[in-house]
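Undergrad: Got a structure for you, questions after.
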Amino acid sequence: MPRTLFDKIWDTHLVARRIDGRDLIYIDRHVLHELHAPHAFEQLEKQQRPVRRPDLTFSMQDHTVSTQPGRTDETNPDGAAFLRAMRAGSKRNGIRVFDLGDPQQGISHVVAPEIGMVLPGATHAVPDSHASTVGGLGALAFGCGTTELGHILATQVMALKRPKSMRIRLDGKLGVHVTAKDVALKIIAELGVAGGRGFVVEYSGAVIRAMPIEQRMTLCNLNIEMGGRSGFVAPDDTTFNWIKGRPWTPTGTQWDEALAQWRTLASAADAEFDSEHVLDCTSLEPQITWGTDPGQVLAISGRVPDPSGASDQSQRAAMESALAYMDLKPGMALAGLAVNRVFIGSCTNSRLTDLQAAADVVRGRKVAQGVTAMVVPGSSTVKREAEALGLDRVFRDAGFFWGESGCSMCAGGNGDRGKPYERIVSTTNRNFENRQGPKTRTHLTSPATAAAAAVTGRITDVRQLFGGDV
C-alpha cells in the first residue's frame, strides 16, 4: 500500500502498541526547558527512576531567561528558581545544559535545527506546544505535558494515539513581502483553530518548495495553532544543503549514508491522506490578526468582520468578546490603527532571515514617537550572526531594544510584557487575552509587517513603504 511520509516515520519509530490502543513511539532526541523539567526531575527522583538516555536529552534555558544585556539569574528574579532547578536536575541526570553564557543557548526550537540536533526523518519531543517547528526539516516532532515528559525521560518512548494524516498543498507564488507567517495565518483563518485537531499535517506544493528552511519552520511552528498534532515538510535539496556542515550533523561516509536515506523521505505519489486542502497563494496579502485567537485574521487591506454574519451563536459570541477586548468595531480597517509596542522575536520569527527582513524595513528609519520596539534573537548564534552583519546597529540606530536570546515577550515569562491596554504588533504565535501582559491587545504579523508598524506608529501595509502595488 502506498505510504505517506508520516506513515514511514511513524512506522520506523513504532516500538509497540499498548492495550489502550496508543502506540509507543521511540524519540530520537528530547529537549527540555526550565518551566517543566524541574518538576519531571523531581518526580523521577521520588520514583527512583533514572533518565534512560541522557545522551539523547538536552536542557535549554529559554522561557524565563532575561533578555537584558549582562543578564544573570537574578536579572529576572521570578525565573531564578527555575534556572537553578534546571541546572541541578540536569547535573544529577548527566544532561547537557544550554545555559546562560553558552554560545549555543537560545530557544529550543531555534537551537535544535541550527546545530543539527534534529534531522530529517527523526522524532523529536519538547515539553512545549510548538515542538513541530522542526518539522521544517522533515522531522516528526511532538509537544508533551509534564507527565508525558517524565515518561519520555524514563523510557525514551512517547505513548500516542496514531493521528490521522492531512496534506495542505500551497499553489502559486508568494508576492513581495508576503511570507510563511502570512500563509500560516491564512490557513488558520480558513480551517479554524480546531481544523487540524487529530491530524499530522504535511505541507507541500510549489510555494513550499520555493520557501527557505527558516520559513518552512515558521509554517510548521504555527501548525499547533489550528490544533494540529504535528506538521512537517518533506525534505529536499534545500533541506540537505541547509543541514550540511552544521555542528552535530553527520560527516564523511555517515553523511553519505544519511543523505541516501533522507532522499527516501517522501510520500508516495498515490498515497492517500485522510484530509486534503489546497490554497492558491498567488494573490495572498500580508495577514494580521484582529481578534484574540490566531484564526481571527484579516488581509492587511481588510476590515473587521461583523459578528452578525457569524455562522452560529457560539461563533458570534466569540467574535463579540474579541471585539470588546481588542477595542474594535465591525467594519473598521486595521491599517492606520495606532500601536504602542512592537515585538520581533519568538520561536516563530526570530531566525536570521526574519531579522534581515525586519531590518530591510527599518534601515534608514526611526521608531515612531510613543512606540516601544524590541528585537530578541532566537538564539545566541542568531544574535552573533546578526551582529556580524550589522543588523543590531540598524535596529539600535532606529530606536529598537536589542536583546539577548530567549522566549521574551511571547508569553512574558521573563518579565518582558506590555502594559494594560497597549496595542501590540507581534511576530509571536498567540494573541490570547492577557498573553503578552494583562489586558494587552496583540496583533500577530510577519517580521516585515511588525517592523513597518514600529517605524510608522500604526498598522501598515509594508508594501506601501517600498512603493509597491497593493
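Undergrad: Considering each of Thr353, Thr442, Thr381 in turn, give the residue that is outside any loop (DSSP other than H, G, I, E, B), of a type in the set (S, T, N, Q) and surrounded by fewer than 20 Cβ atoms within 10 Å (Cβ to Cβ).
TA: On the way: Thr442 fails: surrounded by fewer than 20 Cβ atoms within 10 Å (Cβ to Cβ); Thr381 fails: surrounded by fewer than 20 Cβ atoms within 10 Å (Cβ to Cβ).
It is Thr353.
Undergrad: If you don't mind, another one. Take the conditions under 24 Å from Val462 (Cβ atoms) and open to solvent by 20 Å² or more (accessible area, probe 1.4 Å) and apply them to Arg363. Does it pass? Please lay out each step first, then the result.
TA: Working: under 24 Å from Val462 (Cβ atoms): yes; open to solvent by 20 Å² or more (accessible area, probe 1.4 Å): yes.
In short, yes.
Undergrad: Of everything in the range 388-417 that's farther than 20 Å from Thr75 by Cβ and charged (D, E, K, R), which residue is most open to solvent (accessible area, probe 1.4 Å)?
TA: Of the residues in the range 388-417, the ones farther than 20 Å from Thr75 by Cβ are 388-391, 393-395, 397-399.
Checking which are charged (D, E, K, R) leaves us with 393, 397.
Details: Arg393: 139, Asp397: 104 Å².
The residue in question is Arg393.
Undergrad: Let me ask you something else. Of these, Ala88, Ala16, Ala40, Ala81, which one is at pLDDT 95 or above and not in a helix (DSSP H, G or I)? Give the steps one after another, and end with the answer.
TA: Details: Ala88 fails: not in a helix (DSSP H, G or I); Ala40 fails: not in a helix (DSSP H, G or I); Ala81 fails: not in a helix (DSSP H, G or I).
Sole residue among the options that is at pLDDT 95 or above and not in a helix (DSSP H, G or I): Ala16.
Undergrad: Any chance the range 55-74 includes a residue that's part of a helix (DSSP H, G or I) and in contact with a strand residue (DSSP E or B) (Cβ under 9 Å, 6 or more places away or on another chain)? Even if it seems obvious, please write down each step before you answer.
TA: At the first step, the residues of the range 55-74 found to be part of a helix (DSSP H, G or I) are 55-56, 73-74.
Checking which are in contact with a strand residue (DSSP E or B) (Cβ under 9 Å, 6 or more places away or on another chain) leaves us with 55-56.
Yes; the residues of the range 55-74 include at least one that is part of a helix (DSSP H, G or I) and in contact with a strand residue (DSSP E or B) (Cβ under 9 Å, 6 or more places away or on another chain).
Undergrad: Turning to a different aspect of this structure: Looking at Glu433, is it open to solvent by 10 Å² or more (accessible area, probe 1.4 Å), within 28 Å of Gly136 (Cβ to Cβ) and not polar (S, T, N, Q)? Steps first, answer last, please.
TA: On the way: open to solvent by 10 Å² or more (accessible area, probe 1.4 Å): yes; within 28 Å of Gly136 (Cβ to Cβ): no; not polar (S, T, N, Q): yes.
Taking the combined requirement at face value, the residue does not satisfy it.
Undergrad: Just checking, does the range 392-414 include any residue being of a type in the set (A, V, I, L, M, F, W, C) and at pLDDT below 95? Before the answer, list the steps.
TA: Initial filter on the range 392-414 (of a type in the set (A, V, I, L, M, F, W, C)): 394-395, 398, 400-402, 407, 409-411.
If we keep only those that are at pLDDT below 95 as well, we get 411.
Checked the range 392-414: at least one residue is of a type in the set (A, V, I, L, M, F, W, C) and at pLDDT below 95.
Undergrad: Turning to a different aspect of this structure: Quick one: which strands (runs of 3 or more DSSP E) lie wholly within the range 93-154 and hold at least 2 residues that are under 19 Å from Thr64 (Cβ atoms) and free of Cβ contacts under 8 Å to residues at least 60 places away in the same chain? Give the steps one after another, and end with the answer.
TA: On the way: elements: 96-98, 123-126, 140-143.
Result: 96-98.
Undergrad: Another one. So, in the range 147-162, exactly how many residues are at positive phi and open to solvent by 10 Å² or more (accessible area, probe 1.4 Å)? Can you show your working first?
TA: First, the residues of the range 147-162 that are at positive phi: 156.
Imposing the further condition that a residue be open to solvent by 10 Å² or more (accessible area, probe 1.4 Å) reduces the set to none.
Going through the range 147-162 one residue at a time, the tally reaches 0.
Undergrad: Can you pull out the residues in the range 253-269 that are surrounded by fewer than 16 Cβ atoms within 10 Å (Cβ to Cβ), in contact (Cβ under 8 Å) with a residue 60 or more places away in the chain and farther than 16 Å from Thr4 by Cβ?
TA: Selection gives Gln261 alone.
Undergrad: Say whether the condition of being assigned to a loop (DSSP other than H, G, I, E, B), in contact (Cβ under 8 Å) with a residue 12 or more places away in the chain and either charged (D, E, K, R) or open to solvent by 50 Å² or more (accessible area, probe 1.4 Å) (or both) is met by at least one residue in the range 312-328. Walk me through it before giving the result.
TA: Quick first cut of the range 312-328, residues assigned to a loop (DSSP other than H, G, I, E, B) only: 312, 327-328.
The next check asks that each one be in contact (Cβ under 8 Å) with a residue 12 or more places away in the chain; those that pass are 327-328.
Next cut, either charged (D, E, K, R) or open to solvent by 50 Å² or more (accessible area, probe 1.4 Å) (or both) only: 327.
Checking the range 312-328: at least one residue is assigned to a loop (DSSP other than H, G, I, E, B), in contact (Cβ under 8 Å) with a residue 12 or more places away in the chain and either charged (D, E, K, R) or open to solvent by 50 Å² or more (accessible area, probe 1.4 Å) (or both).
Undergrad: Restricting attention to the range 280-298, and to residues there that are touching a strand residue (DSSP E or B) at 6+ places or on another chain (Cβ under 6 Å) and open to solvent by 30 Å² or more (accessible area, probe 1.4 Å), which single residue is nearest to Thr449 (Cα to Cα)?
TA: Glu285
Undergrad: Still on this structure: Which ones in the range 19-33 are more than 22 Å from the chain's Cα centre (by Cα) and either over 19 Å from Leu265 (Cα atoms) or assigned to a loop (DSSP other than H, G, I, E, B) (or both)? Write out each step before concluding.
TA: Within the range 19-33, the subset more than 22 Å from the chain's Cα centre (by Cα) is 19-26.
The answer is Ile19, Asp20, Gly21, Arg22, Asp23, Leu24.
The values are calculated or read from the model by the stated rules, or taken from the named source; none is laboratory data. All values derive from a computational prediction rather than experimental measurement. Positions of Cβ are backbone-derived with ideal geometry, glycine not excepted, and every protein chain shown enters the neighbour counts. In case anyone asks, the SASA skips ligands and DNA or RNA and just uses the protein heavy atoms, side chains included. Shrake-Rupley method; radii C 1.70, N 1.55, O 1.52, S 1.80 Å.
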